[in-house]
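Enquirer: This is the structure I want to talk about, given as structure tokens.
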Amino acid sequence: MKIGVVGDLDMTMGFRLAGLVDVYEVKNTDEALNAIEELDSREDIGLIIIPEKLGESIRDKLSKLNKFVVEIPDKNGPIVREHDPVKVLVRKAVGIELK
């Protein structure tokens, strides 16, 4: 399986230098959605990497994809959240309430 990447110039440049070829540089949400839909339709792509801020802006679309999507911090750092999303999922799975 291959990895697809969708992001800004800085992000895509790094992944291209790392040897990935299915990399889409996008400038806005519409371009990003088109690139993600194209990657989602391909049989050889198993994982799509996008920046967190892009993921936040298109969360409803991402939930309908057939691929795994990994959101990573961009050059400005991670999004500060009240609760870590992984901890939230684990706590829900074991039945612990968030406070």
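Enquirer: Cβ-Cβ under 9 Å, sequence separation 6+ or interchain: first residue in segment 1-12 and surrounded by fewer than 18 Cβ atoms within 10 Å (Cβ to Cβ), partner among the basic types (K, R). Which pairs?
Expert: K2/R42; D8/K27; D8/K75; L9/K27; D10/K75
Enquirer: Still on this structure: Cβ-Cβ under 7 Å, sequence separation 6+ or interchain: first residue in segment 69-80 and modelled with pLDDT of 85 or more, partner surrounded by fewer than 14 Cβ atoms within 10 Å (Cβ to Cβ) and hydrophobic (A, V, I, L, M, F, W, C). Which pairs?
Expert: Close Cβ pairs (under 7 Å, with a partner that is surrounded by fewer than 14 Cβ atoms within 10 Å (Cβ to Cβ) and hydrophobic (A, V, I, L, M, F, W, C)) do not exist here.
Enquirer: Could you tell me whether any residue of segment 30-47 is polar (S, T, N, Q), at pLDDT 95 or above, out of contact with any Cys (no Cβ under 9 Å at 6 or more places or on another chain) and closer than 15 Å to G7 by Cβ?
Expert: For segment 30-47, residues polar (S, T, N, Q), at pLDDT 95 or above, out of contact with any Cys (no Cβ under 9 Å at 6 or more places or on another chain) and closer than 15 Å to G7 by Cβ: present.
Enquirer: Would you confirm, using the coordinates I've provided, whether I58 is modelled with pLDDT of 95 or more and within 13 Å of the chain's Cα centre (by Cα)?
Expert: no
Enquirer: Those residues that are in a helix (DSSP H, G or I), hydrophobic (A, V, I, L, M, F, W, C) and surrounded by fewer than 19 Cβ atoms within 10 Å (Cβ to Cβ), I need them from segment 16-51; list them, please.
Expert: L17, L33 - these are the residues of segment 16-51 that are in a helix (DSSP H, G or I), hydrophobic (A, V, I, L, M, F, W, C) and surrounded by fewer than 19 Cβ atoms within 10 Å (Cβ to Cβ).
The values are calculated or read from the model by the stated rules, or taken from the named source; none is laboratory data. Bear in mind the structure is a predicted one, so any value in this text is a computation, not a measurement. Please note: Cβ atoms are built from the backbone with ideal geometry, for glycine as well, and neighbour counts cover all protein chains shown.
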